[in-house]
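Laboratory data are not the source of any read-out in this text; all were calculated from the coordinates shown. Note that the structure is a prediction, hence the values are computed from the model and not measured. FYI the Cβ positions are ideal-geometry reconstructions off the backbone, even for glycines, and counts take in every protein chain you see.
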Amino acid sequence: MQLQGKDKATYVQGMFGRIAERYNLMNRIMTGGQDQRWRRFVVQKAQVPPNGVILDLATGTGDIAFEVLHAHPNTKVFGADFSLPMMFVGKRTLLGDLVNWCGADALNLPFPDQSFHAVMSGYLLRNVTDIRQALREQMRVLKPGGKIVVLDSSPPPPNLLRPFIMLYLRYGIPLLGRIISGKQGADAYRYLPESTQAFKTPQELAALMREAGVQNVEFKTFMFGTMAVHWGNKAN
């Protein structure tokens, strides 16, 4: 499924709306619960200051936002996404009322310049129509010296495990999606593995971040190289 431009944005928005109610359960099953550990790592790398103001972009059901609140209860957290059904699910959870939920387009954020001490995102860049513009917008709303942290999937690296990973991506995940979320889940979880295979390698994404002005870019991979967390900072 090779979607581009507005067609891709429309499909992705509708897809996440369709799977919103079962999204968290599916993530836990797909990753064996490891997604929670990756999100804690994201928050750790954000180096949230006392009483900081934080943006969780592509917040979905708010998992990263909630990790911030667990670790830093005095933080003011904004959760922004263009999938309203996902945020409605998050708002119903225990800490839902503590997040400032906001409908937003990642390519044109509704926030003033230099608004946040850290900007975090989970599974955003793989789904946007313009990675460079999404990174520029995150840098625009970031305060000088602030941290940008990106969690996203990566194409399976060329190693002995790659054939088995590809089988899981092509057949295992869509089957799980159908079992957990019905036909709409099968469709969505066919797109997600395809978008993983078509996405940037960790090295390519690091280069795009540097191109956008992010300094001191580093990354760490997880789950046999199929997930990566990138981080860096805006110049003071």
Lysine pairs in the stretch 77-236 with Cα atoms under 23 Å, if 8 or more residues apart or on separate chains: 7
Helix-only mean residue ellipticity at 222 nm for the chain, each DSSP H run of n ≥ 4 adding -39500 (n - 2.57), per residue, nearest 500: -14000 deg cm²/dmol
Gain in span if fully extended, GLN47 to GLU204, counting 0.36 nm per residue against the direct Cα distance: 54.1 nm
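What does the extension gain come out to for THR93 and ALA235, with contour length at 0.36 nm per residue minus their alpha carbon separation?
The span from THR93 to ALA235 would gain 47.5 nm if fully extended.
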Lys, Arg +1 and Asp, Glu -1 on Cβ, resulting dipole of the chain about Cα centre, debye, nearest 20: 320 debye
Angle between the chain longest axis and helix 131-141 axis [Cα atoms, degrees, rounded to 10]: 30 degrees
Distance between modelled label sites at ALA71 and PHE224, nm, 7 Å Cα→Cβ extension: 2.7 nm
The chain: antiparallel DSSP beta bridges as a percent of all, rounded to 5: 40 percent
Separation in nanometres of the label points that stand 7 Å from Cα toward Cβ, at ASN108 and ARG28: 3.8 nm
Nitroxide proxy distance, nm - points 7 Å out along Cα→Cβ at SER115 and GLN133: 1.8 nm
Beta bridge orientation in the stretch 22-129: antiparallel %, DSSP, nearest 5: 5 percent
Fully extended contour minus Cα-Cα distance, from GLU21 to MET166, at 0.36 nm per residue: 49.5 nm
